[in-house]
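Peer 1: After the structure tokens below, expect a handful of questions from me.
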Amino acid sequence: MSVPKYKIPEMIDLPDRQWPSKSITKSPIWCSVDMRDGNQALPDPMDPDQKLEYFKMLCDVGFKHIEIGFPSASQDEFDFFRRLIENDLIPDDVFIMGLTQSRPHLIERTMEAFRGCTRGIVHAYIAPSDLHMKQVFGMEREQLVATAVAATRQIRELADQMPESDIRYEFSPEEYTDTDPDFSLELCEAVFEAWGKGTPEKPVIMNLPATVERRPPNHYADMIEYFCRNFSQRDSILVSLHSHNDQGMAVAATELSLMAGADRVEGTLFGHGERTGNVDLVTCINNLYSRGIDTGIDFSDLAGVAETVERLTGMPIYYRQPYAGEYAFTAFSGSHQDAINKGMHKLGEAPERFGMGWKVPYLHVDPSDLGRRFERLIRINSQSGKGGIAWVLEQDYGIEIPKAMQPELGRYVQVYSESVGREIGSNEVHTVFQNEFVAPKGPYELVRYWPRPDENDPTFIHGEVKVMVNGEDKTVSADGNGPISAFVNAIKQVAEVDFKVHDYHEQSIGDGADAQAMAYVPLEVPGQGVFFGVGADSNIDQAAVRAIVAGLNRIAKK
Ligand code: KIV
Ligand code: ZN
């Protein structure tokens, strides 16, 4: 028989699907399965102490449903449950969850692990897909339903013997997305009935996994909407999503399925999990956060969370991982840097222009909400532009480069970056700025400038300049109607070029006794163009004259 190796998965029949025109308007319940699905897929699973640290971190950021393991799988797993419960390490509002296969001796052991907990979710699973039933279990549908029902009854019986604990039930028809949806419904209805105590206050969790991502995200959403519409006691269950990322679309599948009516999402931080992983909860949660939804999870120190996860799992986070990757908010290219720089300066206008507090080119969320520092946003290499370079100097050194000077500085930084052939640090940008504009080598060295107000008219200045020109001491004097014009009139007597001072820009850096004045002075040389010089001094006039001397040295160099 000739059949294709692969085929297009069939969609379920749902022509009146509603989810495409819905939006996610509130947060689902988030369930971390890091310590079970995530941990079981690590090359070096976490040891009990590492799991404890991970558990505390999950509680600290706000998870209320946490699958902490598979207690019947090993002594360590079992002991971990006991350690948390016996040492009172579980916050009162947190449900710990444990997975079990639907087999009597494993259920017994699992329930033993939960003894004495305040809140627990016992999670049983079985795969009702034809693939599993035929190829793995060799079971018929009736047998499979009977197994799930028996497991559920056993769990209920044992849970009833623990009245001091609030034990909830979660059931997963594994490979839900590869299973006939009507059979999944039939199975889940039978399980719901066997549990017998699902109510809106204490709903049963029906977790519908895309155990392997075999379909596009819209198929998952259809299947979730179908389940939500057809389950008999919809208000007494929580419909839960559990997607894996085999086709790289788990986040999309999760979002569409939330639109389709799901209430809860299981996943892991940064998507650890079997094969290509579970859905990444950091991305899901921050996506909703970026749309103004209160997620209940605090990622204001996402870098700290990322560091903990990397250290405990031994798995590095990729540079471009959404939200947490080192480059998640970094712009290297000049046009992006320039736009970010402008957008950040005009952020105050966003509320009126766009009706929202944050609207910045190339940054869909404010990185500082996630504890990311702005100075890391713009990184400089040979592709970088003037805006990014100006941004780096402003952020790291408080230096406000005037717009007209930025292209020239940009060219020097680019030449430098090309010459070293790598990304450069803001200290190197600062050195280029200093060497080229503040202290360029040249024939002139200012020794002293002494401006004195006229005895009769204090606005009229007599200026005396001591300057070395090509190593020779010179003293020149002139008058002017301000300290700068007196200086210009004096220095012109020894300068080798004629020049005109244009309007210049001043700023002060720091405050109090340590404040520094910076002056950015453009000198125009007829027929040659405009040359900026920059001066720094505790006195603003002295800063301006230093800038003029720096400008003259740059002209001489040209
Ligand atoms: O991926 C899956 O189906 C699972 C189940 C055990 C819920 O991890
Ligand atoms: Zn899974």
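Peer 1: Apply the Karplus curve 6.51 cos²θ - 1.76 cosθ + 1.60, θ = phi - 60°, to the phi angles in segment 267-272 and return the couplings in whole Hz, x for Gly and Pro.
Peer 2: Ordered by residue, 3J(HN,Hα) equals x, 9, 5, 6, x, 5 Hz.
Peer 1: Only bridges with both residues in segment 28-313 count here: give the DSSP antiparallel percent, nearest 5.
Peer 2: 5 percent
Peer 1: Something else now. Around Val122, what is the net charge, scoring Lys/Arg as +1 and Asp/Glu as -1 over all other residues with Cβ under 9 Å from its Cβ?
Peer 2: Taking every other residue near Val122 into account, the sum is 0.
Peer 1: Mind checking which lysines have their C-alpha under 26 Å from Lys197, skipping anything on the same chain fewer than 8 residues away?
Peer 2: Counting by Cα, and skipping residues close in sequence, Lys197 has these lysines nearby: Lys64.
Peer 1: For Lys403 paired with Phe137, estimate the spin-label separation in nm (one decimal), with each label point 7 Å from Cα along the Cα-to-Cβ line.
Peer 2: Between Lys403 and Phe137, the label points sit 7.0 nm apart.
Peer 1: Check the straight Cα-Cα distances from Lys22 and name the aspartates and glutamates below 20 Å, setting aside those fewer than 8 residues away within the same chain.
Peer 2: Of all the aspartates and glutamates, those that pass the test against Lys22 - Cα under 20 Å, at least 8 places apart if same chain - are Asp13, Asp222, Glu225, Asp235, Glu255, Asp263, Asp294.
Peer 1: With a 1.4 Å probe and every protein chain left in place, tell me how much accessible area Thr177 has, in Å² to the nearest 10.
Peer 2: Approximately 10 Å² of Thr177 is accessible to the 1.4 Å probe.
Peer 1: For the pair Ala190/Asp160, report the inter-label distance in nm, with labels modelled 7 Å from Cα in the Cβ direction.
Peer 2: 2.1 nm
Peer 1: Please give the FRET efficiency for Asp182 paired with Ala146, using the beta carbon to beta carbon distance and R0 = 22 Å, rounded to the nearest 0.05.
Peer 2: For R0 = 22 Å, the calculated efficiency reads 0.75.
Peer 1: Taking a 1.4 Å probe, which of Cys188, Cys59 shows the most accessible area, and what order do the others take after it?
Peer 2: Sorted by accessible area, descending: Cys59, Cys188.
Peer 1: Which value at 222 nm does the chain reach when only helices count, each DSSP H run of 4 or more adding -39,500 (n - 2.57), with the total divided by all residues and rounded to the nearest 500 deg cm²/dmol?
Peer 2: For the chain, the value works out to -11000 deg cm²/dmol.
Peer 1: On a full-extension model of 0.36 nm per residue, what is the gain between Ser74 and His502, subtracting their alpha-carbon distance, rounded to one decimal in nm?
Peer 2: Between Ser74 and His502, full extension yields 146.2 nm more.
Peer 1: Summarise the accessible area of segment 444-557 (1.4 Å probe, protein heavy atoms) by the percent that is carbon and sulfur.
Peer 2: About 45 percent, which is the carbon plus sulfur part of the accessible surface.
Peer 1: Can you give me the long-range amide H partners of Ile121? Hydrogens built in the peptide plane at 1.01 Å from N, cutoff under 5 Å, separation of 5 or more residues or another chain.
Peer 2: Residues meeting the amide H criterion: Ile96, Met97, Gly98, Arg168.
Peer 1: What does the net charge come to around Asp16 if you take all other residues with beta carbon closer than 12 Å to its beta carbon, with K and R at +1 and D and E at -1?
Peer 2: Computed value for this residue: -1.
Peer 1: Just grab the label-to-label distance for Glu524 and Asp44, each label 7 Å out from Cα along the Cβ direction, in nm (one decimal).
Peer 2: Rounded to a tenth, the inter-label distance reads 6.7 nm.
Peer 1: In addition: With Cβ to Cβ distances under 12 Å as the rule, what net charge do the other residues near Pro451 carry (K, R +1; D, E -1)? Display every interim value, and only then the final one.
Peer 2: Working: positive: Arg448, Arg452; negative: Asp454, Glu464, Asp479, Asp541.
Charge balance in the 12 Å sphere: -2.
Peer 1: Mind checking which helices in the chain clear 18 Å along their axis (Cα) and have mean Kyte-Doolittle hydropathy of -1.0 or more, DSSP H runs only?
Peer 2: Sorted by number, the helices that extend far enough and score high enough are 48-61, 141-160, 181-195, 217-230, 406-420, 540-557.
Peer 1: Given the Cα-Cα distance of Asp16 and Lys441 and 0.36 nm per residue of separation, how much length would full extension add, in nm? Mind dumping the intermediate values first?
Peer 2: On the way: separation 425, 0.36 × 425 = 153.00 nm, distance 7.61 nm.
Result: 145.4 nm gained on full extension.
Peer 1: In segment 368-429, which trypsin sites (Lys or Arg not before Pro) fall in coil by DSSP and have 15 or fewer other Cβ atoms within 10 Å?
Peer 2: Filter output for segment 368-429: Arg373, Arg422.
Peer 1: Which peptide among 329-337, 354-362 comes first, and what is the full order, when sorted by highest mean count of other Cβ atoms within 10 Å? Write down the numbers at each step before the final one.
Peer 2: Details: 329-337: 19.8, 354-362: 13.2.
Listed from highest to lowest mean packing, they are 329-337, 354-362.
Peer 1: Between segment 4-69 and segment 121-148, what's the alpha-carbon centroid distance in Å?
Peer 2: That distance is 22 Å.
Peer 1: Using the heavy atoms of the protein chains and a 1.4 angstrom probe, tell me the accessible area per residue for the chain in square angstrom.
Peer 2: It amounts to 46 Å² per residue over the chain.
Peer 1: Once neighbouring chains are kept in place and the probe is 1.4 Å, which whole percent of the accessible area of segment 28-313 is contributed by carbon and sulfur?
Peer 2: Solvent-exposed carbon and sulfur of segment 28-313 make up 47 percent of the total.
Peer 1: Which whole-Hz couplings ³J(HN,Hα) result when phi for each residue of segment 365-372 is put into the Karplus expression 6.51 cos²θ - 1.76 cosθ + 1.60, θ = phi - 60°, listed in order with x for Gly and Pro?
Peer 2: These are the phi-based 3J(HN,Hα) values: 10, 7, x, 5, 5, 9, x, 8 Hz.
Peer 1: What percent antiparallel are the DSSP beta bridges of the chain, to the nearest 5?
Peer 2: Approximately 50 percent, going by the DSSP bridge assignments.
Peer 1: Same structure, new question: Could you name the lysines whose alpha carbon sits less than 19 Å from that of Lys466, not counting residues in the same chain fewer than 8 places away?
Peer 2: Partners found: Lys441, Lys474, Lys492.
Peer 1: Expressed as a whole percent, how much of the Cα-Cα distance distribution for the chain exceeds 37 Å?
Peer 2: 50 percent
Peer 1: Let me ask another. What are the equivalent ellipsoid semi-axes of segment 28-313, built from the alpha-carbon gyration tensor (square roots of five times its eigenvalues), in whole angstrom, biggest first? Mind showing how you got there, number by number?
Peer 2: On the way: eigenvalues 135, 111, 64 Å².
Values for segment 28-313, descending: 26, 24, 18 Å.
Peer 1: Go through Glu170, Glu349 and list them by solvent-accessible area, largest first, probe radius 1.4 Å. Each step should come with its number before you reach the end.
Peer 2: On the way: Glu170 0, Glu349 80 Å².
I get Glu349, Glu170, largest accessible area first.
The values are calculated or read from the model by the stated rules, or taken from the named source; none is laboratory data. Everything quoted here is computed from the prediction, not taken from an experiment. Don't worry about glycine lacking a Cβ; one is built from the backbone with ideal geometry, like all the others, and counts go over all protein chains shown. Quick note on the areas: whole protein, heavy atoms, side chains included, nothing else; ligands and nucleic acids left out. Shrake-Rupley method; radii C 1.70, N 1.55, O 1.52, S 1.80 Å.
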